[in-house]
Amino acid sequence: MPASSARSARRAHSSRAISSVVNVHAAKTHLSRLLKRVERGERITIARDGKPVAVIGPVPAAERPPLPPDDPLLNLGKFAVAGPAGKLTNEDIDRLLYGPP
């Protein structure tokens, strides 16, 4: 693997960079990982022969589809943690995880 390709592949694994350049081969190989980074707000430049040809970045919030009304994040009270005996309190969860006090 050429040095520039290895460098780009390493960048594809790193999630600490705010913006990075990835070669086409690494972008194809690691597309799912790159998209996860983009979802977290990172912009990634894709280069061919060291020359930038495309940039992928997050969709602006105004253009993202809204969450459906039945999404669990919008209905936490309805989808709260329920165990075999019904709703669990924090004390119940602590007792299950750590045993009796």
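Quick notes on this structure:
- For the range 39-69, filtering for residues that are modelled with pLDDT of 90 or more and either surrounded by 10 or more Cβ atoms within 10 Å (Cβ to Cβ) or in a loop (DSSP other than H, G, I, E, B) (or both) leaves 16.
- Evaluation of Leu97 against (1) of a type in the set (A, V, I, L, M); (2) at pLDDT 75 or above; (3) surrounded by 10 or more Cβ atoms within 10 Å (Cβ to Cβ) (one fails), failing number: (3)
- For the range 14-38, the candidate set comprises residues that are open to solvent by 80 Å² or more (accessible area, probe 1.4 Å) and not in a helix (DSSP H, G or I); within that set, the residue that is modelled with the lowest pLDDT is Arg16.
- Condition check for Ala9: modelled with pLDDT of 50 or more, farther than 14 Å from Pro58 by Cα and in a helix (DSSP H, G or I): no
- Count of residues meeting criterion [modelled with pLDDT of 65 or more, of a type outside the set (A, V, I, L, M) and not in a loop (DSSP other than H, G, I, E, B)] in the range 70-90: 4
The values are calculated or read from the model by the stated rules, or taken from the named source; none is laboratory data. Here the structure is a predicted model, which means the values were calculated and not measured. Glycine also receives a Cβ, built like all others from the backbone with ideal geometry; neighbour counts cover every protein chain displayed. When the accessible area is computed, the model is the full protein with side chains, heavy atoms only, and any ligands, DNA or RNA have been set aside. Shrake-Rupley method; radii C 1.70, N 1.55, O 1.52, S 1.80 Å.
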